[in-house]
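The values are calculated or read from the model by the stated rules, or taken from the named source; none is laboratory data. The structure displayed is predicted, hence computed values, not measured ones. Note that each Cβ is placed from the backbone with ideal geometry, even for glycine, and that neighbours are counted across all protein chains shown.
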There are 4 protein chains.
Amino acid sequence: MAGKSTSDGGPFSHELRVRYGECDAQGIVFNANFLAYVDVVVTEIWRESMGSYDALLATGVDTVVAEANLRFRAPGRFDDVLTIEGGFDGLGTTSTTLKLRFRRADELLCDADIRYVFVDVESWQKTAIPAEVRERLGPFLLAE
Amino acid sequence: MAGKSTSDGGPFSHELRVRYGECDAQGIVFNANFLAYVDVVVTEIWRESMGSYDALLATGVDTVVAEANLRFRAPGRFDDVLTIEGGFDGLGTTSTTLKLRFRRADELLCDADIRYVFVDVESWQKTAIPAEVRERLGPFLLAE
Amino acid sequence: MAGKSTSDGGPFSHELRVRYGECDAQGIVFNANFLAYVDVVVTEIWRESMGSYDALLATGVDTVVAEANLRFRAPGRFDDVLTIEGGFDGLGTTSTTLKLRFRRADELLCDADIRYVFVDVESWQKTAIPAEVRERLGPFLLAE
Amino acid sequence: MAGKSTSDGGPFSHELRVRYGECDAQGIVFNANFLAYVDVVVTEIWRESMGSYDALLATGVDTVVAEANLRFRAPGRFDDVLTIEGGFDGLGTTSTTLKLRFRRADELLCDADIRYVFVDVESWQKTAIPAEVRERLGPFLLAE
């Protein structure tokens, strides 16, 4: 929830529990699932900022992932409750980077930088972030 | 490939290799992935019968899964090559049941009955199987 | 939560929200994900009945899915909150069937019967349901 | 297959077909699945270099993903055949980076850098790449 998190966690926080089928034969969270979790988180950010992801689409824009950088620090395990915190690292004209940290209690498991490009919902061409979206994402920006 | 399989395997056969991320923390294929494999197989059946799944859609119909029954006999494991064989158990007016067997060499791992209902691509209402589709599925019917 | 649900929903209820990546190119929940959801639910049943899935394993038994029957009534969609209700249809010597209903508000999307066989955690051979497990599953049995 | 690819594709190449369930409600490959595809590819690299992934484990080491960087250039679509090419960017003492390019015919969809750390199969502590593994990975190194 925006505004609820501690000083270093950033403006957004979400919790989810690791599912059995998300762990691989090593008994740990399959690495691709961290990227799937990012998508769960960004859906919640759209819910908190815009009302819903559909409300974002109603402004005429959608987002596509242009780049994803993940650093894996420690394995996640079945039934772990993960706290995922972070926010946007500024808003460019047509793109922004979401910086997230995945924690199990105080242990950092993964951090991720995901760069989103805004596209027109019809043409899928790169487009400027609408003023309304820009305003609503304000509370989700990381401190300088 | 239709027509290639042995007398009891049915008119269709496809092979796939179990991926690491498809296995769960028990080290075996996560049960839901057998249902995902069914979808891989039915795509190949559309390719062999119609040319492609898109060619099916071009006839004005799509399919939805109405019922899935899976019996798990033995676990699949990472890197197993699975042979998936079977065919359709007759063609009803608006639906058909695909009967599949998943084998690792001679060992039966799973058998599945999947009932598909044909729907209009626009309205998503139940619709009769088009004559062209009916004809092209002929070679994929199980023997009486 | 056991005991909380309405008269026809059964002794267990759990909610989950459909993730974007769980929907396929038809824009609806990919059918295999309902089987993945079953696994999420059964984990919660072990948490409520035994304390955790690990506590089940500590009794010396694990479960394997022997059979899964799913009937799809209506499509689930992105961001839907699904209510999943049900319970066990009696306890056999070595197996039991979990009967679940997936609802979006009052609309039934899917119902599922999943038969679990209890196996020894070491040998993976079929084994009797331990007395402790049998007792703790009592509140999760469907009414006759 | 090592040695088969063109001058700029690198020493390793693998093809796979996009599955329906790997596409999301936007109708394109869900971004997390590119990371899942990396794992499919690396399994094939172990098969070609060591005989199998199990043969790698038999040398006493396993690998964990320490970092993944993916750049998404264009969307993948259902039924696309993807060609995935690349190789290792040198071998460090305990780690190496796999550089892959995902193409649909001549169109680049994604490129990925995945850093693997070698760990002891028992302790999961970082460990030196065994001489045998180092030798067998030789043909899979990118040219300087």
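In the set C:VAL38, C:VAL81, only one residue is touching a residue at least 40 places away in the same chain (Cβ under 8 Å) and buried (at least 18 other Cβ atoms within 10 Å of the Cβ); that residue is C:VAL38.
Residues checked against (1) without any contact (Cβ under 8 Å) to a residue 24 or more places away in the chain; (2) within 14 Å of chain C (Cβ to nearest Cβ); (3) surrounded by fewer than 17 Cβ atoms within 10 Å (Cβ to Cβ); (4) touching a helix residue (DSSP H, G or I) at 6+ places or on another chain (Cβ under 8 Å):
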position: B:ILE28; (1), (2), (3), (4): no, yes, no, no
position: B:ASN31; (1), (2), (3), (4): no, yes, no, yes
position: B:VAL61; (1), (2), (3), (4): no, yes, no, yes
position: B:ARG77; (1), (2), (3), (4): no, yes, yes, no
position: B:GLY87; (1), (2), (3), (4): no, no, no, yes
position: B:PHE102; (1), (2), (3), (4): no, yes, no, yes
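Being modelled with pLDDT of 95 or more and away from chain B (no Cβ under 14 Å): is that true of C:LEU142 here? Criteria met by C:LEU142. Anything in the stretch B:42-59 that is away from chain C (no Cβ under 12 Å), of a type outside the set (Ser, Thr, Tyr), closer than 18 Å to B:GLY10 by Cα and in contact (Cβ under 8 Å) with a residue 40 or more places away in the chain? List them, or say none. Correct list: B:ILE45, B:GLU48.
Residues in the stretch D:65-111 that are among the aromatic types (Phe, Trp, Tyr) and closer than 20 Å to D:PHE12 by Cα: 2 in all. If you go through the stretch C:1-53 and keep only what is of a type in the set (Asp, Glu) and modelled with pLDDT of 95 or more, you end up with C:GLU15, C:GLU22, C:ASP39, C:GLU44, C:GLU48. Of the residues making up the stretch A:107-144, just one is polar (S, T, N, Q) and touching a residue at least 40 places away in the same chain (Cβ under 8 Å), namely A:THR127.
Scanning the stretch A:68-92 for residues that are aromatic (Phe, Trp, Tyr), under 17 Å from the mean Cα position of the chain (by Cα) and farther than 23 Å from A:ARG134 by Cβ yields a single hit, A:PHE72. Looking at the stretch D:1-99, the strands (runs of 3 or more DSSP E) lying wholly inside it that each contain 3 or more residues that are touching a Lys or Arg at 6+ places or on another chain (Cβ under 7 Å) sit at D:81-91. Among all residues of the stretch A:67-75, there is at least one that is more than 8 Å from every other protein chain (Cβ to nearest Cβ), of a type in the set (Lys, Arg) and surrounded by fewer than 16 Cβ atoms within 10 Å (Cβ to Cβ).
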